[in-house]
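Values in this text are rule-based calculations from the coordinates and carry no lab data. For clarity, every value in this text was computed on a predicted model and none was experimentally measured. Positions of Cβ are generated from backbone atoms using ideal geometry, with glycine treated the same way; all protein chains shown enter the neighbour counts.
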2 protein chains.
Amino acid sequence: MHPSGGALSVPPGFRFHPTDEELLYYYLRKKVAYEAIDLDVIREIDLNKLEPWDLKDRCRIGTGPQNEWYFFSHKDKKYPTGTRTNRATTAGFWKATGRDKAIFLGSGARRIGMRKTLVFYVGRAPHGKKTDWIMHEYRLDEDNVEVQVGRWLGGV
Amino acid sequence: MHPSGGALSVPPGFRFHPTDEELLYYYLRKKVAYEAIDLDVIREIDLNKLEPWDLKDRCRIGTGPQNEWYFFSHKDKKYPTGTRTNRATTAGFWKATGRDKAIFLGSGARRIGMRKTLVFYVGRAPHGKKTDWIMHEYRLDEDNVEVQVGRWLGGV
């Protein structure tokens, strides 16, 4: 239930289409600080246990049309002592593509975080088969932040 | 103010992107019945007194990016005794294009209204100059409904 007493919902016609800045500076920043989020629409998931095609139901917001899905996930290290992130699922793996994009606050010069783009491959590296599933992974420019927020963009 | 006591707003990241059905069956139906609308984001305007390029400020919702603008308007008859609608402004006029689209409820067979597409021309008919401003005008399949809801789509 929402603090106001109503259901966890917004009026008809509203869709969740946050900007990069809103995702990082409102949702992820509150999440890592354990602050209350006005409307807690972003689900926490285990990225290594969920295939991209399973998330449409898991990260559903309301009943309207939806072509982007949002989630919080904890970083899973590939090796206990290393810094590399494990992005494998049962069916495949996420692989970074292109360059990370810096996210700035407002129109100002203050950088608050980065956005990484990843593509899902079915199979095991280096023999995976590329799919249409794209993910944006956002991380804050703060120390020791182990939680990330992500956006899944369609796919077939 | 919202009945809950908060400001007229939704949490960060939410944008107003209603479906045809939501516009007609929730917003317009409540408007013509004088029922309360959860979050009264659709402004009432006089379509004949407002140029399309003036509406970005008038029909603003929140502070996020916006490329569609919504409004309620009363039908202005061209002639007191006729049925034709006056869609002229000071600078030009709106002209219907294409075929009206029937809007159905859910996936069912019940038709609830129609959507008309119009293009804005600068000048006076028949010599107007076509622009990129597009409008969708929605009307309910009910008797004597003089209020319509519209959606403006970009333009330059």
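Cβ-Cβ contacts under 8 Å between residues 6 or more apart (or on different chains), taken from a first residue in the range B:10-28 that is at the interface with another protein chain (Cβ under 7 Å from one of its Cβ atoms) to a second residue that is part of a loop (DSSP other than H, G, I, E, B) and polar (S, T, N, Q), are listed as B:Gly13/A:Thr19; B:Arg15/B:Gln66. Restricting attention to the range A:19-36 and to residues that are among the hydrophobic types (A, V, I, L, M, F, W, C), over 13 Å from the mean Cα position of the chain (by Cα) and under 18 Å from A:Arg139 (Cα atoms), the residue that is surrounded by the most Cβ atoms within 10 Å (Cβ to Cβ) turns out to be A:Val32.
Looking at the range A:102-124, which of the residues that are within 19 Å of A:Leu28 (Cα to Cα) and touching a residue at least 60 places away in the same chain (Cβ under 8 Å) is nearest to the chain's Cα centre (by Cα)? My answer is A:Arg115. Just to be sure, is A:Leu55 in contact with a Phe, Trp or Tyr (Cβ under 8 Å, 6 or more places away or on another chain) and farther than 18 Å from A:Asp132 by Cβ? No: the conditions fail for A:Leu55.
Taken as a whole, the structure places A:Arg60 among residues that are closer than 29 Å to B:Pro18 by Cβ and not small (Gly, Ala, Ser). Taking only the range B:11-62 into account, find how many residues are touching a Gly at 6+ places or on another chain (Cβ under 6 Å) and among the polar types (S, T, N, Q). So the answer is 0. Of the residues in the range A:48-70, at least one is closer than 19 Å to A:Val147 by Cα, within 14 Å of chain B (Cβ to nearest Cβ) and outside any loop (DSSP other than H, G, I, E, B).
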